[in-house]
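For reference, the structure discussed in these notes is given below.
The values are calculated or read from the model by the stated rules, or taken from the named source; none is laboratory data. Since the model is a prediction, treat every value here as computed from it, not as a measurement. Cβ: placed from backbone, ideal geometry, glycine included. Neighbour counts: every protein chain shown.
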Amino acid sequence: MNSLSGPLADPSADAGYADGHPPRVGFFTDTSVCIGCKACEVACKEWNALPADGVGDHGAAGDVLGLTGMSYDNSGGLGASTYRHVAFVEQRVPARDSAPVDLGMPAMELPGAVQPGVDRDDATEVRWLMSSDVCKHCTHAACLDVCPTGSLIRTEHGTVLVQEDICNGCGYCIPACPYGVIDQRQGDGRAFKCTMCQDRLGAGLAPACATACPTESIQFGPLDELRERADARLAELHDRGVGEARLYGRDPDDGVGGDGAFFLLLDEPEVYGLPPDPVVTTRDLPSMWRHAAGAALAVAGAVAAAFLGGRR
Amino acid sequence: MAEAHPVGFQWVMEAKKRGATVIHVDPRFTRTSAVADLHVPIRAGTDIAFLGGLIRHVLETGAYFEDYVRAYTNGPMLLRGDFADTEDLDGLFSGFDPETATYDTETWQYEGATAPSAAGDRDLDVHETERGEMPGSGGAPIAADPERDDTMQDPRCVLQVLRRHYSRYTPEKVHEICGIPVATFHRVAEALVRNSGRERTSAFAYAVGWTHHTVGVQYIRAAAVLQALLGNIGRPGGGILALRGHASIQGSTDIPTLFDLLPGYIPMPHAHRDEGLQHFIESNAGTKGFWADLDAYVVSLLKAWFGDAATADNDFCFDHLPRLTGDHSSFRTVMDQADGKVPGYFVVGENPAVGTANARMQRHGLASLEWLVVRDLNMVETATFWKDGPEIETGEMRTEDIGTEIFFLPAAAHTEKDGTFTNTQRLLQWHHKAVEPPGDCRSDLWFYFELGKRIKARVAGSDDPRDRPLQDLTWDYPVDATGEPSADAVLREINGVDADGKALPGYTALRSDGSTSSGCWIYCGVYADEVNQSARRRPGAEQDLIAAEWGWAWPMNRRVLYNRASADPVGRPWSERKRLTYWDGEKWAGPDVPDFPADTPPDYVPPPGAHAAKAIGGAEPFVMQSDGRAWLHAPAGLADGPMPTHYEPEESPVGNALYGQRANPARQRFERADNHYHPEPGTPGAEVYPYVFTTFRVTEHHTAGGMSRWTPHLNELQPEMFLEVSPELAAERGLTHGGWAHVVTARSAVEGRVLVTERAKPLRHGDTVIHQIGVPWHWGPNGLSTGDAANELLGVSLDPNVHIMETKAATCDIRPGRRPRGPELVTCLADRRRQAGLEEEPR
C-alpha cells in the first residue's frame, strides 16, 4: 500500500516506478508578477483541445457565456474544461504608504479588505490581485486514492493524471479533492483536470501554460529547483518590504505532503479562494479502517457474547 | 501596457524584478496599475497639464541635466523678438489666423536662422491651405548659425522661454486640472528626478491613450521636452517608447499606408509645387545631416519601382508618382464618400464600420460607394453593413437602396504567411509561415501581386500616357508552387541592390546617379550580406544587453537612436554605469551601432560649405535635426504650436483652467449634420452630456474584434460589451452591477452590462465631481460575442498634424437599462440633441 500522508520525497517511486524515472516536475506560480492576461487559460484550452464554455457556433449558447460580474474573471473557476483559471481579486485595502492599523475586530470580509464603498479616502487604495490557479498535483492525492478504476494515476513525472479512456464517470474523485479542482464534464460524465500536458512532457516540452506566460509568473521545472527558486524569490520580496508575500503548497509537511503546483501569494490563501489548510481527504483512511475493523470486531464480539450468554 | 501589450510588458516586469519603479498614469485602474508601484489616476485628456507640471518642476528645482541641455538641446538658442507665447496671448502663440484656424510659423523660428522640419515635408514655402498636409517633426537645413546664449540666461533663449511658458503649471494647478493630488504629483516628480541625470535614466512608454487626442502630437512632444531636459534621450534605459495600436503599425508608417508620405518618411510630392525631381529635392533636402542625401534615397526608390525605365533623362520617372492636391486623410475621404464623391474603397485588415470614430458616418460612406473590397479573416461588419447594420434596424438605410458592390476576399493570418513585423523599437522580426491558410484565404502579398499583374496585363498594349506608370512598374517576384510570391524577395528589393545586383550594406551606399535601388532607404541593410537579417533569433541570454543579433532594427541595426548623446561633448561616457557609445580616440565605439558618422571626432567643426554627414559637428548628436540638437521649442514642423500647451479636449465637462483659449485652436473640426459636437462646458445644453468617457481595450480582445470575436476561447474570457463605472456614479444614476445601461452622446447610444468597480474613482475639479466611464471598443454586431460598438459614440475631431481622431476623451450621459431600438433610437437621440440645443425643433 502506498503512503497516504506525511512527507514523501519521491511519489513516483512510491507508486512503483523503477529507479531512473524522470525527476518530479511541477509549477511554481508567482502571483506577484501575474498580469492577468489569461494567456495560460487560452494556451491550455488550445493545446488540450478543450471546449470554450458556453460558446456555440452562433454566439452565446446558454448562460455560461456571459459576464460573471466577478471583476475580469468570466470563466469562474477550475472545471472539467478549464484546467487553468486566473482569479481577479478586487479590493479596497489600507494604502501601502499609510501605517496599517489592525483593530483586531471580527469581520465578515476577506482578510485585509475594507468595507466596499466606504473609506474611499487617501488612507485606502484599490488592489487587484491576479493569480493563475491549477491542479496542485498533490504529493498525496486523494483523487487518485479513491479512484476505483485506476483511471487516476501517478505518472513517472510525479504528476497526477486522469486517463480519460479508463474513467467510468463514478465521480468519487470530485469530493475527494481538498481543493475542489477535478470535475465532471457536463454531457460527457467523465472527470477531467490539468494533465500538466503529459503529452508535452514526454516530448521534452514545458506545459502550454508555462510556455505562454509572458512574465514568467508560471514557472515549470523539477520541483526541487522550483522550491529553491521560490525560496529565493520570497526572500527577495521580504527584503524589499513585501512582508505579506508567502508560499502556499510548498511545504512537504503540510496536509497533502506538499503540492506539485505551488504558489507565491500576496495575502492569505482565502483571499484567492484557496483553502488555508488543505488535508488529503484520505489521510485518515488507515485509522478509519482500523476503527471500522475494531468496531466490527466489537460488534462481532457482542453478538457472539449474546449468543454465548443466551445458551447459559 | 499590461492590458494591450502583455507580451512587451514582460520587459517592464523584468525591469521591476531588477528594482525599477513602475508608475502608471491612466484615467482607469487597469491590469498595468495592478502591478505598478504607483497608479496615478488622471482626468482623460489632461496629460499635457500633468507633463507640463513635471517640466516646470524640473526647471524650477534645477533638476534638469544642465550639461546635456546646454550642449545637446536647443535650450541656448535665441528666439526671434516677435515671438509671442501662450502666456502673452491667453492660450495662442503668435501667427494664428482665426479665419483658417492655422498658424503662420514664421515667428517661431530662431533669431538669425531658419530651420525646417526633419521628416516628411520640409518645404517651408507651403501654401496656407496645404499646411494641414505637412507631416513630420524635427529639423533640417539651417541657412545660418542661429544666435545662442550658452549661459541660458537670456530671456529670449529657449530654456527661459520654456520656463515662462510652464510657469503656471504648478502642482496645485495640476491638481485642479487633472485631479491628481499634490502629494501624488510630488511622488512622481521626485521618483522621475531621482532616477534621471548622469548615473540613471528613465523611460516613458505610451500608446494610443496619448495619441488619440486633438493635441495628440503635442502629448508626445511634452514627453520629449521632459526627457531632453532630464538627459534621457540617446542613452541606455532612456527614451520614449511608442507602443503602437497593433502589430506592425510601425512598419506601416515606415513603408506607409499614409497619404502624405513615401517610404522612409520622404514627403509625397504636391501637385502644384513639386514639378520636377530637382525642385522636389531642393525644397525638401537640406545641406546638413542625413536628410541632405535625400536625392540618393528618392532616386533609389524610383529605381526600385520603375527599374530600367527610370533614367537620369526622365527624372527617374519622378513624374510617375501620384501628387497630393489637398487633404486625402482617412476621415476627409470618408466624409467625401458620404457626400458621394468617392467611387471605390479597399479595406484591408480594418473594420471601419465598427472600428473607427463616428461609425455611423463610416457606414454612410461605405453605402455611398460604387464598389468596396474587404479583405479580412472573418465576415466583419464592414462587409455586412448593407444587410444587418444598425441603420437597417433603425430604418435609416434600406438594403435595396444601397448600390455599393462589395467584394469580400478571405485573408490569410500572420501565422499563415511569411513576412516581417516592425515593432515599437523599429525592430523588424521575421515570421515564418506555420500553417497553410485554409480554403481560399490568401496573403495580402499574393492579392496585391495578382491584382498588379492583372492590371498590368490590361494596360499592356495601351498608348495612353496615363498608363505609363503601370507599364513601367517593375512587378516580378518569384512564386512558390501555390503561386505565393516570395516575401523574402520583397524584403531584398526593399533593402536594395547595387549596379551589380548585389544586396546593399546600408543607406550610406545609396547613390543619386541611378546605380542603386532601394524600396525604403531606412530599411537598407536588412538584407546585408545577402542574409535576411530580420530572421536572426540568437537568444538574448547568449548576447549582451543590446542583443544586436535578434532581428534587425532600422536604421543600420541601431538599437538606441541618437546614441552619440550617451557620451559627453568630448566623447566620454556621461557615466560608466550608463556607458553606451563613446569616442575611443579613433572612432565611436561601444556595443551599439553608432548613430553618428563613425570617424567624426568629438572636436570636429565642419568647414563652411560642408555637406550631409560631413556637415555634422562632432558634438551634435541629433543627426536628423538641422541644428544637431533636441528641440525643447520646435521652430518648425508643427501645426499647433512650438511648445506643448494644455488644451481641453473637443468635449470636456470643464473649461480650460489656464487660458481663455479652451481647446486646441488648430484642431480640425467638421461641423456636419452627421458629426454633432456637444456644447462647450458652461454653455446651455452642456448638462445633457455631463460625464466623461474614454475608450479602452482589454487583453482578451483585439482592436475592433475582427480577429478575436470569432475565437471561442477568447470570447468566453470577455463575453460581453460592458461599461466600467464607479460605485458613486452607479448610485447617482441608479445603475446595477451586472445589469444593463446605455451611454448616450449626440452621435448615438450604445448599451452594455454595468461593471461597478472600485477601480473607477471620481475625480475632483475644484468643486465639480467628474465621473469617468470606461467603454471598451472591441464589440460589434457580428461574430460569436456580440455587442454595441463604442465608436458609435464618438464624433470626429482631429489633431491638425497627423489627422488622428480624439477617442480617449469625450462627454456623454449614462442611463440604466437597454438603449432604445429601431426607429425609436433615432428619435430619442434627436430629442436629446434638441434638449442640448444642437438641433432645431421639428416644424
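Residues in segment B:499-513 that are of a type in the set (D, E, K, R) and crowded, with 16+ Cβ neighbours inside 10 Å: 1 in all.
Mind listing whichever residues of segment A:165-203 are small (Gly, Ala, Ser) and over 24 Å from A:THR139 (Cβ atoms)?
Matches in segment A:165-203: A:GLY169, A:GLY187, A:GLY189, A:ALA203.
Here B:SER202, B:SER300, B:SER248 are screened, and the one residue that is in contact with a Leu (Cβ under 8 Å, 6 or more places away or on another chain), polar (S, T, N, Q) and surrounded by fewer than 24 Cβ atoms within 10 Å (Cβ to Cβ) is B:SER202.
Check whether at least one residue in segment B:40-60 is touching a residue at least 12 places away in the same chain (Cβ under 8 Å) and within 14 Å of chain A (Cβ to nearest Cβ), and report yes or no.
Yes, segment B:40-60 contains a residue that is touching a residue at least 12 places away in the same chain (Cβ under 8 Å) and within 14 Å of chain A (Cβ to nearest Cβ).
Exactly one residue out of B:ILE48, B:ILE55 is touching a Pro at 6+ places or on another chain (Cβ under 8 Å) and β-branched (Val, Ile, Thr), and it is B:ILE48.
Each row is one residue, and each column tells you yes or no for (1) in contact with a strand residue (DSSP E or B) (Cβ under 8 Å, 6 or more places away or on another chain); (2) buried (at least 19 other Cβ atoms within 10 Å of the Cβ); (3) within 14 Å of another protein chain (Cβ to nearest Cβ); (4) not charged (D, E, K, R).
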position: A:ILE174; (1), (2), (3), (4): yes, no, no, yes
position: A:CYS177; (1), (2), (3), (4): no, yes, no, yes
position: A:GLY180; (1), (2), (3), (4): no, no, no, yes
position: A:GLN184; (1), (2), (3), (4): yes, no, no, yes
position: A:CYS197; (1), (2), (3), (4): no, yes, no, yes
position: A:LEU201; (1), (2), (3), (4): yes, yes, no, yes
position: A:CYS209; (1), (2), (3), (4): yes, yes, yes, yes
position: A:PRO222; (1), (2), (3), (4): yes, no, no, yes
position: A:ARG229; (1), (2), (3), (4): yes, no, yes, no
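Candidates in segment A:120-161 are the residues that are under 23 Å from A:ALA18 (Cα atoms) and part of a strand (DSSP E or B); of these, the one that is nearest to the other protein chains (Cβ to nearest Cβ) is A:LEU161. Look at segment B:443-463: where a residue is touching a residue at least 24 places away in the same chain (Cβ under 8 Å) and a partner is surrounded by fewer than 14 Cβ atoms within 10 Å (Cβ to Cβ) and in a loop (DSSP other than H, G, I, E, B), sitting 6+ places away or on another chain with Cβ atoms under 7 Å, you get B:TRP446/B:GLY483. Taking strands (runs of 3 or more DSSP E) that do not extend beyond segment B:682-795, which have at least 3 residues that are at the interface with chain A (Cβ under 10 Å from one of its Cβ atoms)? So the answer is B:749-756.
Across segment B:739-762, the number of residues qualifying as among the hydroxyl-bearing types (Ser, Thr, Tyr) and closer than 19 Å to B:PRO653 by Cβ comes to 1.
One residue alone among B:GLY738, B:GLY734, B:GLY780 is in the same structural domain as B:ALA686 (by TED's automatic domain parsing), more than 19 Å from B:ILE42 (Cβ to Cβ) and without any contact (Cβ under 8 Å) to a residue 40 or more places away in the chain, and that residue is B:GLY738.
Yes or no: segment A:83-93 includes at least one residue that is within 22 Å of A:THR211 (Cα to Cα), within 7 Å of chain B (Cβ to nearest Cβ), outside any helix (DSSP H, G or I) and modelled with pLDDT of 50 or more. Among the residues of segment A:83-93, not one is within 22 Å of A:THR211 (Cα to Cα), within 7 Å of chain B (Cβ to nearest Cβ), outside any helix (DSSP H, G or I) and modelled with pLDDT of 50 or more, which makes the answer no.
Looking only at segment B:807-828, filter to residues that are more than 35 Å from the chain's Cα centre (by Cα) and among the charged types (D, E, K, R); which one of those is nearest to B:LEU735 (Cα to Cα)? Result: B:ARG818.
Restricting B:PRO781, B:PRO816 to those that are surrounded by fewer than 23 Cβ atoms within 10 Å (Cβ to Cβ), farther than 26 Å from B:ARG398 by Cβ and not charged (D, E, K, R) reduces the list to B:PRO816.
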